[in-house]
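Colleague: This is the structure I want to talk about, given as structure tokens.
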Amino acid sequence: MVKSNPHLTKLQSNYLFPEVMKRKRAFLEENPHANLISLSIGDTTEPIPKPITDAMLRASQSLSKRESYAGYGPEQGSLDLRLKISEHFYRNKITADEIFISDGAKCDIGRLQMFFGPDVTVALQDPAYPVYLDGSVIAGQTGSFDLKANSYENLYLLPCNEKNNFFPDLASSPKTDLIYFCSPHNPTGYAATYDQLKQLVAFAKENQSIIIFDSAYAFYIQDPNLPRSIYEIPGAEDVAIEVGSFSKMAGFTGVRLGWTIIPQNLKFEEGQSVKALWNRFISTIYNGASNIAEQGGLACFTSEGKKEISKTISYYIENTRILKQAIDQKFETFMDINAPYIFAKCGPRSSWDYFNELLEKAHLITVPGSGFGKQGEHFLRFSCFGSRSDIELAANRLLNL
Ligand code: PLP
């Protein structure tokens with residue numbers, strides 16, 4: 001018999017979203033006619049703009065002709081796409097050579113965890129997107145789990161709550177090899193300021209840590225003074241990796257396309273280039289994103305593509321405004337809108353209690369904040385992806401709760 005991977009058995013609880021889905025199914029079994037509205041998993045709902053799907057259609061059709069058929073692509077992904085990403089998101093400060101096209105941010109976070117191996121220590125925001133913690137556990141980076149302390153040996157949670165304005169207190173944070181940092185942040189929706197990211201970069205420099213910066217929601221930032229990339233901070237290219245995604249930007253959650261930046265300057269302790277080793281690693285275990293998805297990605301940068309994407313993002317932001325107005329009447333929220341999520345403090349009871357209450361009384365599915373970490377207890381996360389009519393109906397139900 002084959003023994004199970006011991007790291008997998010260290011995972012602490014059911015993965016959050018399957019548990020939400022389980023409760024939804026159980027509710028529907030008892031209430032088959034309930035018109036449930038999902039404000040839970042952060043999946044996009046608006047169709048992909050036609051100029052972008054047209055480009056994917058053309059790419060797909062070209063594969064059926066001998067003269068235009070293409071098999072494996074370049075290891076780092078399409079050069080044209082890397083040049084566009086470099087120009088549009090990084091004003092060429094990050095070069096195409098430092099960009100690696102992926103099949104999505106989550107997939108590359110998992111690969112980064114495998115890349116850094118089991119011997120690194122890790123810090124992450126609490127609450128956080130679950131893959132940072134669970135992926136680190138699976139990669140064997142967390143060490144043993146101490147039941148009494150309810151914590152992992154090599155993993156440090158950086159509390160982010162209303163007391164510290166949802167930004168970790170770095171002065172009391174430990175030195176670790178890796179620091180995951182997400183901005184705009186899932187689940188709280190908080191977007192770090194330029195000064196805060198400057199502090200984070202200085203902290204990483206001082207401790208010789210590497211930041212893994214998740215910018216999956218950068219396009220939702222409404223305040224023009226807020227940074228959209230860690231590389232807006234001078235010196236970040238010495239200490240930070242950034243993962244980006246077309247998922248929430250262009251509705252590519254099912255198409256699958258993203259990128260990872262490994263700057264030229266980033267070095268391991270022994271002086272070895274992280275980028276060179278990543279290149280070696282990625283070309284061993286990964287064969288690149290779909291060439292059809294890459295053509296869709298390229299179409300996002302045409303003037304039509306950009307116009308349509310910006311319309312869709314404005315639509316979700318308007319959803320967020322509508323929902324926030326209703327939530328503010330019932331619960332406490334703490335920040336401006338710079339993400340498609342609202343993190344609301346509901347009261348003294350547990351997050352799952354409020355989850356059940358909203359499910360039973362308002363037929364709304366949310367996500368309990370505690371599922372993202374201890375600091376999320378008493379909170380619910382509301383996702384603002386959805387049709388306008390559903391969002392308006394959800395807002396009405398909340399107001400009548
Ligand atoms: N990063 C964060 C913070 C997310 O919330 C999500 C998806 O919800 C992802 C990454 C996943 O991105 P992708 O679809 O590119 O894998």
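Colleague: Over the chain, what is the percentage of antiparallel beta bridges among all DSSP beta bridges, to the nearest 5? Walk me through the intermediate numbers first.
Modeller: Values: 19 of 38 bridges.
Given both bridge residues lie in the chain, the antiparallel proportion sits at roughly 50 percent.
Colleague: Residue 262: net charge of surrounding residues, Cβ under 14 Å, Lys/Arg +1, Asp/Glu -1, itself excluded? List each step's numbers first, then the result.
Modeller: Working: positive: 82, 111, 267, 275, 280; negative: 75, 97, 98, 108, 237, 238, 242.
Cβ neighbours under 14 Å give a net charge of -2.
Colleague: I need the shape label for the stretch 350-401. Rule: rounded when a/c is under 1.5, else prolate if a/b > b/c, else oblate, with a, b, c from the alpha carbon gyration tensor.
Modeller: Since a/c reaches 1.5 but b/c is at least a/b, the shape of the stretch 350-401 is classed as oblate.
Colleague: Moving on. At 25 °C and 0.890 mPa s, grab the translational diffusion coefficient of the stretch 255-401 from Stokes-Einstein with a Kirkwood Rh over Cα pairs, rounded to a whole number in µm² per second. Present the calculation step by step, with values, prior to reporting the outcome.
Modeller: On the way: Rh = 18.7 Å.
After rounding, the answer is 132 µm²/s.
Colleague: Running a GNM on the chain with Cα contacts under 10 Å, which residue among 296, 143, 347 ends up with the highest mean-square fluctuation?
Modeller: Its mean-square fluctuation being the largest, the pick is 347.
Colleague: Dipole of the chain (Lys/Arg Cβ +1, Asp/Glu Cβ -1, origin at the Cα centre): which of 220, 196, 21 lies farthest to the positive side?
Modeller: Of the options given, the answer is 21.
Colleague: Looking at this model, which pairs from 22/106; 106/163; 93/198; 10/267 are more than 26 angstrom apart at the alpha-carbon? Walk me through the numbers before you get to the answer.
Modeller: Values: 22/106 23 Å; 106/163 29 Å; 93/198 17 Å; 10/267 31 Å.
With Cα atoms farther than 26 Å apart: 106/163; 10/267.
Colleague: Rounding to the nearest 20 debye, state how big the charge dipole of the chain is about its Cα centre with +1 on each Lys and Arg Cβ and -1 on each Asp and Glu Cβ.
Modeller: Charge dipole of the chain: 620 debye, to the nearest 20.
Colleague: Could you tell me the largest-minus-smallest coordinate of the C-alpha atoms of the chain on each of the three principal axes, in descending order and whole angstroms?
Modeller: On the principal axes, the chain reaches 58, 56, 52 Å in Cα extent.
Colleague: Under 26 Å Cα-Cα from residue 65, which lysines qualify once same-chain neighbours fewer than 8 residues away are excluded?
Modeller: Partners within reach: 50.
Colleague: Testing the spin-label approximation: label points 7 Å from Cα along Cα→Cβ at residue 361 and residue 163. State their distance in nm.
Modeller: Going from the residue 361 label point to the residue 163 one covers 2.8 nm.
Colleague: Sticking with this structure for a sec: Excluding residues on the same chain fewer than 8 positions from residue 3, give the lysines whose Cα lies under 19 Å from its Cα.
Modeller: none
Colleague: What is the extension gain from residue 34 to residue 273, computed as 0.36 nm multiplied by their sequence separation minus the C-alpha to C-alpha distance, in nm to one decimal? Please report the intermediate quantities before stating the final value.
Modeller: Details: separation 239, 0.36 × 239 = 86.04 nm, distance 5.59 nm.
Here the segment from residue 34 to residue 273 would lengthen by 80.5 nm.
Colleague: Does a label point 7 Å from the Cα of residue 54, set along Cα-to-beta-carbon, have any residues of the stretch 305-335 with amide nitrogen under 19 Å, and which are they?
Modeller: Of the residues in the stretch 305-335, 305-312 have backbone N under 19 Å from the label point off residue 54.
Colleague: Something else about it: Under the 0.36 nm per residue contour assumption, what length would be gained going from the current alpha-carbon distance of residue 147 and residue 17 to full extension?
Modeller: On the way: separation 130, 0.36 × 130 = 46.80 nm, distance 2.34 nm.
Value of the extension gain: 44.5 nm.
Colleague: Are there any trypsin sites (Lys or Arg not before Pro) in the stretch 54-126 that are in a DSSP loop and have at most 11 other Cβ atoms within 10 Å? List them by number.
Modeller: Working: sites: 58, 65, 66, 82, 84, 91, 93, 106, 111; in loops: 65, 66, 91, 93.
When the trypsin sites (Lys or Arg not before Pro) of the stretch 54-126 are filtered for loop state and at most 11 Cβ neighbours within 10 Å, 65, 66, 91 remain.
Colleague: Here is a follow-up. Can you give the Kirkwood hydrodynamic radius for the stretch 73-125, in Å, rounded to one decimal and based on Cα pairs?
Modeller: 12.7
Colleague: With each run of n ≥ 4 DSSP H residues scored as -39500 (n - 2.57), what mean residue ellipticity at 222 nm is computed for the chain after dividing by its residue count and rounding to the nearest 500 deg cm²/dmol? Intermediate values should be presented prior to the final figure.
Modeller: On the way: 12 runs with 152 residues, N = 401.
Value at 222 nm, helices only: -12000 deg cm²/dmol.
Colleague: At a 1.4 Å probe radius, which order do 213, 219 fall into by accessible area, largest first? Kindly include the intermediate steps, with their values, before the conclusion.
Modeller: Working: 213 0, 219 30 Å².
The residues order as 219, 213, largest area first.
The values are calculated or read from the model by the stated rules, or taken from the named source; none is laboratory data. All figures in this text were calculated on a predicted structure; none of them were measured in a lab. Cβ: placed from backbone, ideal geometry, glycine included. Neighbour counts: every protein chain shown. With ligands, DNA and RNA removed, areas are computed over all heavy atoms of the protein, side chains included. Shrake-Rupley method; radii C 1.70, N 1.55, O 1.52, S 1.80 Å.
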